[in-house]
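So the structure is just underneath, and the comments pick up after that.
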Amino acid sequence: MYRRSHLRHGQILGLGLAGLTIAMALGGCEAVPDARVGRGDVRNAIARGQLTSPRAATVALVSLDGAPDQVAARFRQSLFGEAASREITVTDEASAHYLVRGYLSAYPGETGGTTLSYVYDVFEAGRKQREQRIEDTIDLPVAAADPWSVVSDSVVTTLAGRSADDLAVALSGTPEAQAQGGKVASVAPSGQPPVN
């Protein structure tokens, strides 16, 4: 199940994530989606110029709550690697254009498995108002009394990859990224990657 993210900067860019449109408001000149990028293909879309590189829209992950310390540590490490492969520039809070506050949760799924979810609130540095919220969930077929116990390394990698995809698409529409030139793309669903 996919949910919505919003970026308020002036204009709206429709992004389809798994069949749902994500509305993003952008600043600057008129930008019209000109390509559809499959989920999991964000890296290639950036390399091909179908999606503006988010490199100039620097971010800092200022908090990550909800997960046990050992899961959060593995996730942070994986997220930073996945972010780098999507040209997301992660920096310190003092030099970042955007600050990200993340929350991870794991709970019993509606069909008997386990559901993992993430929420990222993106703030423009120096402002207290949230610019964007990014949300998503992953359903796992296994259940346990402690939902976090089913979060293997491969699940962490999948969660980090999806997070990086969503952040890259969102940041590609920011004024900082758009000033570097390039194209804005909408993202088409390609199915949920397998998780173990």
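One table, with the values for the structure above:
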| quantity | calculated |
| --- | --- |
| DSSP-loop trypsin sites (Lys or Arg not before Pro) across region 73-138, with at most 10 other Cβ within 10 angstrom | ARG127, LYS128 |
| FRET efficiency, 1/(1 + (r/R0)^6) with R0 35 Å, evaluated for ASN44 and GLU93 via beta carbons | 0.70 |
| Integer Hz, Karplus 6.51/-1.76/1.60 couplings in order for region 67-75, x for Gly and Pro | 9, x, 3, 5, 5, 4, 5, 5, 5 |
| Using a Förster distance of 25 Å, the FRET efficiency for ARG76-ALA125 (Cβ separation, nearest 0.05) | 0.80 |
| Percent carbon-and-sulfur accessible area, region 62-188, ignoring ligands, DNA and RNA, probe 1.4 Å | 50 percent |
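The values are calculated or read from the model by the stated rules, or taken from the named source; none is laboratory data. In this text the structure is predicted, and so the values were computed from the model without any measurement. Here Cβ is always computed from backbone atoms with ideal geometry, including for glycine, and neighbour counts include all displayed protein chains. The accessibility values were calculated without ligands, DNA or RNA, using every heavy atom of the protein model including side chains. Shrake-Rupley method; radii C 1.70, N 1.55, O 1.52, S 1.80 Å.
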